[in-house]
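Report on the following structure.
The values are calculated or read from the model by the stated rules, or taken from the named source; none is laboratory data. Fair warning: this is a prediction, and the values are worked out from it, not measured in the lab. Positions of Cβ are generated from backbone atoms using ideal geometry, with glycine treated the same way; all protein chains shown enter the neighbour counts.
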Amino acid sequence: MTRRPDHSEDGTDRPQEPSDVECSRRSFLGYSVAGATVPFLVREASLAADTDTTTESPADATNFVVQATPSWYFIQRENGSQEMKWGPVGHAVIGGRPGGYGELIPNDRMYIHNRARPPDIDRRTWRLKLNGDALTRPRSFTYDELLAMPSVTLKRTIDCGANCAAFFPKLPPGGADNRWLPVGYTQWHFGAVGAAEWKGVRAKDVLAAAGADSPVDVKFTGLDVIADPGFPGGTVHYSQVAPADKVLKDDTLLVYGMNGQDLPIDHGYPLRLLLSGWVAVTYVKWLGEIEVSKHRIPPAGLQTNHMLTGPAYPTPASVSVGPVRSAIEHDREITLAPGDITLRGRAWSGAGAIESVDVSVEKLASPGRWVTEMPWRTARLLSTPEPYMWVRFEVPWPGVKPGQYRVMSRAKDKAGNVQPRPEDVVWNQHGLAYNGHYPLDLIVLPPSDMP
Ligand SMILES: Nc1nc2c(c(=O)[nH]1)N[C@H]1C(S)=C(S)[C@@H](COP(=O)(O)O)O[C@H]1N2
Ligand SMILES: [Mo]
C-alpha cells in the first residue's frame, strides 16, 4: 500500500488549517490498520468461526471514515463528513500532486458522508434480505447471486441533499423573533458532490425475483449502527423509504461497482442504492434489508431529519429530486496570477440534463462594496449534457488585473429550473437543497507580490 500525498509532509504549498492536517494524520492511522487489503485477509482467516456479517472494526471505531482522506484532496467538516476540494478537480498539477479529474471523480477522491463507522462486511456471509407484504416469495440474495444477474452501468452525479448547507443564513427568516433553528449539521460548502460510473443490478429485477406484487412503498435499510440518543436503545440503522414507481424505474440500481472497481468500504461496500436524480441522502449504503410493502410506509428514523422543515414548510416535505447546482473548479480564496484566466466548473441537476450555465464576476472596489467586473456570460459546455450527469463548462475571463474577486455560476436545467439568487433560496432547518449562485472568493496578485 503506498502512502498517499499529504499536505502535512510539505510546507511549501498552500497553507492549510491545522485541523485539516490533524485529520489526515488520524485517517492514516486508521488506514494502515483497516486498509483495503488487510481486513480482507483477516476476514478470510476468521470466516469459519465468524458468522456475523457485521463486526466492529477494532482499528479506530471512533473514526467514521475508513480510507485515507489526505487534506490535499479533502476538508473534514465533521467526523464522517469529508468534503471534496474543488481545486484539485480542475488542476492537472498543483504542487506536484495529481489532480485535474476527468468527468468522473476517482474513488479515493469522492466525498464521504458517514454517520457511523462503516460496518466491516464479509461479502461471502453477507445477505440482502427482502421481506414485506408485497412479496409473494420473500427471500435473501447472496453477493454472488446478485453478481450473476444482468448488470447495468450508468454515469451519474452523486450530490448530498445538504451540499452547500453552509451558505444558508444560520437564523431563519425573521431572525431574532423566531426560535433559533440550526441549519443542518455538516457545514458543507460546494464539495459534497461527485460523479462516478456505477455498476449494479436493477432494483426491479431483484424485487421481481422475490415475487413483488403491486408494491406501493419500498424501505431500504443499511447495516451501519448509528449512535443517537433519540432512538430506543440509543442506536438506529440508516434507512430510506421510496415510492415503488421510483424504485421500479430502469435507472434505479443496487450498486456493487464504482468506476470499474468494487464499491469502496466508505461508499457502501458491498451494496448501495442509487436513485438516479435523487439527492444522495437517499442512496442507502451497506444495504442489508429491503422491505417491499403494499402500503405507504411513513418516514421514520433519520429520514425525518432529511425533510424540509421551517417557517416556509408548515408540514414537513420530503426532498427527493436534487436541485440544479454548479461549482467552479477552484478552492476558496486561492491566489491566481493576473492575465487571461479561464474559469472552469461543473453543473448538474436531479431533474435531468443541464441546459446552460452563466458565469459572472464581481470585484471588491472598497471595503464591503462589490462591483460587477464581468456581467453574466454564457459558458461553453464541454460535452453534450446527459440527464443526471454533471456537465463541465468554461468561460474566458480575459485581462484580469490584481484584486479581490468573487465568481458566481448559475446553471439552468432542461426542465427550466434556474439557480436562484442567494437571498431567494427558501430557508429550511436541516440545510437541505441550497442552490443559490453563491460567490466563490478568489484573489488575483502578480507572482512578484507573493511572499
Ligand atoms: N447506511 C448509510 N447510508 C448512507 C449514509 C449513511 O450515513 N449511512 N449517508 C448518506 C448521505 S447523507 C450521503 S450524502 C451519501 C454519501 O455517499 P458517499 O459517502 O458514497 O459519497 O450516502 C448516504 N447513504
Ligand atoms: Mo449527505
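Taking the criterion of being within 14 Å of ligand 2 (Cβ to nearest atom) and either in contact with a Lys or Arg (Cβ under 7 Å, 6 or more places away or on another chain) or of a type in the set (A, V, I, L, M) (or both), the residues of segment 307-333 that qualify are 307, 319.
Quickly run through segment 251-291 and pick out the residues that are small (Gly, Ala, Ser) and under 18 Å from residue 389 (Cα atoms). Scanning segment 251-291 gives 257, 260, 276, 277, 280. Only one of the listed residues (101, 31) is more than 26 Å from residue 221 (Cβ to Cβ), at pLDDT below 95 and outside any loop (DSSP other than H, G, I, E, B). That residue is 31. How many residues does segment 252-306 contain that are out of contact with any Phe, Trp or Tyr (no Cβ under 8 Å at 6 or more places or on another chain), within 16 Å of ligand 2 (Cβ to nearest atom) and aliphatic (A, V, I, L, M)? Of the residues in that region, 3 qualify. Every residue in segment 262-312 that is touching a helix residue (DSSP H, G or I) at 6+ places or on another chain (Cβ under 6 Å) and surrounded by fewer than 19 Cβ atoms within 10 Å (Cβ to Cβ), please. Listed by number, the list holds a single entry, 264.
In summary, no strands (runs of 3 or more DSSP E) completely within segment 122-241 bear 3 or more residues that are under 30 Å from residue 439 (Cα atoms), more than 16 Å from ligand 2 (Cβ to nearest atom) and at pLDDT below 95.
Every test in (1) touching a Pro at 6+ places or on another chain (Cβ under 8 Å); (2) in contact (Cβ under 8 Å) with a residue 12 or more places away in the chain; (3) buried (at least 18 other Cβ atoms within 10 Å of the Cβ) is passed by residue 216 save one, and that test is (3). Within segment 231-261, if we keep just the residues that are in contact with a Gly (Cβ under 8 Å, 6 or more places away or on another chain) and among the aliphatic types (A, V, I, L, M), the residue that is surrounded by the fewest Cβ atoms within 10 Å (Cβ to Cβ) turns out to be 236.
Among 309, 342, 315, 335, which is the only one that is in contact (Cβ under 8 Å) with a residue 24 or more places away in the chain, part of a strand (DSSP E or B) and farther than 30 Å from residue 99 by Cα?
Sole residue among the options that is in contact (Cβ under 8 Å) with a residue 24 or more places away in the chain, part of a strand (DSSP E or B) and farther than 30 Å from residue 99 by Cα: 309.
Regarding segment 379-393, can at least one residue be identified that is of a type in the set (S, T, N, Q) and without any contact (Cβ under 8 Å) to a residue 60 or more places away in the chain?
Yes - at least one qualifying residue is present in segment 379-393.
The residues of segment 370-414 that are within 26 Å of residue 250 (Cβ to Cβ) and surrounded by fewer than 15 Cβ atoms within 10 Å (Cβ to Cβ), listed by number, are 383, 384. The requirement of being aromatic (Phe, Trp, Tyr) and in contact with a His (Cβ under 9 Å, 6 or more places away or on another chain) is not satisfied by residue 434. Number of residues in segment 259-313 that are over 28 Å from residue 208 (Cβ atoms) and of a type in the set (D, E, K, R): the value is 1. Scanning segment 69-98 for residues that are under 27 Å from residue 286 (Cα atoms), of a type in the set (Gly, Ala, Ser) and either at pLDDT below 95 or more than 14 Å from ligand 1 (Cβ to nearest atom) (or both) gives a single hit, 71. Each residue in segment 346-375 was checked for being touching a Leu at 6+ places or on another chain (Cβ under 8 Å) and among the hydroxyl-bearing types (Ser, Thr, Tyr), and 1 pass. Pairs linking a residue in segment 273-301 that is farther than 17 Å from residue 146 by Cα and not assigned by TED's automatic domain parsing to the domain that holds residue 211 to a residue that is within 16 Å of ligand 2 (Cβ to nearest atom) and small (Gly, Ala, Ser), with Cβ atoms under 7 Å and 6 or more positions apart or on different chains, do not occur.
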